[in-house]
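Beneath this line is the structure, given in structure tokens, with notes to follow.
Here, each number is a calculation from the coordinates, and none is a lab measurement. It should be emphasised that the depicted structure is a prediction, and the values quoted were computed from it without experimental measurement. Note: ideal-geometry Cβ built from the backbone for every residue, glycine included; neighbour counts use all protein chains shown.
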Amino acid sequence: MLKIDAHHHFWQYRPEEYAWIGAGMEALRRNFMPADLHARITAAGIDGVVTVQARQSVEETRWLLELAQQHEFMRGVVGWLPLTAPDIQAQLERFSAYKKLKALRHVLHDEPDDNYMLRADFNRGIETLRRFNLAYDILIFEKHLPQTLAFVDRHPEQIFVVDHIAKPRIKGRILAPWDKHMAELAQRANVYCKLSGVVTEADHAHWTPADIKPYLDVVLHAFGPQRLMFGTDWPVCLLACSYEQWVKAVKDFIAPLSAAQQDRIMGGTAAEAYRM
């Protein structure tokens, strides 16, 4: 079974285009390109990656897809296209020429309107994705989970992937009501979840495996290995740990599972959800 890092980013850093990289995030203020990541995955025994958008631009989506054509280890791309645009189907038809486009994502948690995902025009855009065999990555904070349940229920045949276990309040050691909402979301068989972006919700300098285990336990119990996938959120994870540290943390967490279940989390689930 191929080992897949189902969530990471590339960028050529320009301050005006990455305003979210704020104070205390100086480690991210440089270029992160395929050669940088290839060295990391080779050292960690990872075979391939899913590259996820970091800017909401058509140009970046095209750039990532062109990089993927040049690098075999880039197995798929989660891009961005304007889902609320009246011509979204025509845009998807143009981008369908790129076979490594596997999903789209919108940075929902940065929208001023917490109910943005329930807008009629946004949902019309989501309805077009199945025609192109594309998944949709859900990027939210914990507070958006009630709306997410309503959103997902509008599209029972659409594949959804929850990024970063929906960003619970790990630093505050708060489980509820995140745990209840995640268990409810996992009852939808068309929803998958990524073990990514976890340590950056904890205390960056002082987190321990014991701090994050209760949250990993919740999603493992809710989604099971069949709908849980490994991801690093590199390079953002560098704020709290190295690439290799997160690989080890996940492998240590899933070590009590069977070999088949571990293979599923480390690659099989991503291959299924993203049709790779």
* Run through the DSSP bridge list for the chain and note the antiparallel percent, rounded to the nearest 5. => 5
* Asked: Once a ≥ b ≥ c are taken as the square roots of the eigenvalues of the Cα gyration tensor of segment 134-276, is the result rounded (a/c under 1.5), prolate (a/b larger than b/c) or oblate (a/b not larger than b/c)?
  -> oblate
* Asked: What is the Cα radius of gyration of the chain over 2.2 N^0.38 Å, N being its residue count?
  -> 0.93
* Asked: How do the peptides 154-166, 104-116 rank, highest first, by the average count of neighbouring beta carbon atoms within 10 Å per residue?
  -> 154-166, 104-116
* Computed [θ] at 222 nm, deg cm²/dmol, the chain (DSSP H ≥ 4; -39,500 (n - 2.57); rounded to nearest 500) -> -10000 deg cm²/dmol
* To do: Would you work out the relative contact order for segment 47-177, in percent, from Cα pairs under 8 angstrom that are 6 or more residues apart?
  => 20
* **Over 19 Å (Cα to Cα) - which of K171/K248; K3/K167; K3/K251; K3/K248 fall in this group** => K171/K248; K3/K167
* What order, most packed first, do the peptides 191-204, 231-244 have when packing is the mean number of other Cβ atoms within 10 Å of each residue? -> 191-204, 231-244
* Cα-based equivalent ellipsoid of segment 49-146: semi-axis lengths in Å, sorted from largest, via gyration tensor -> 23, 16, 11
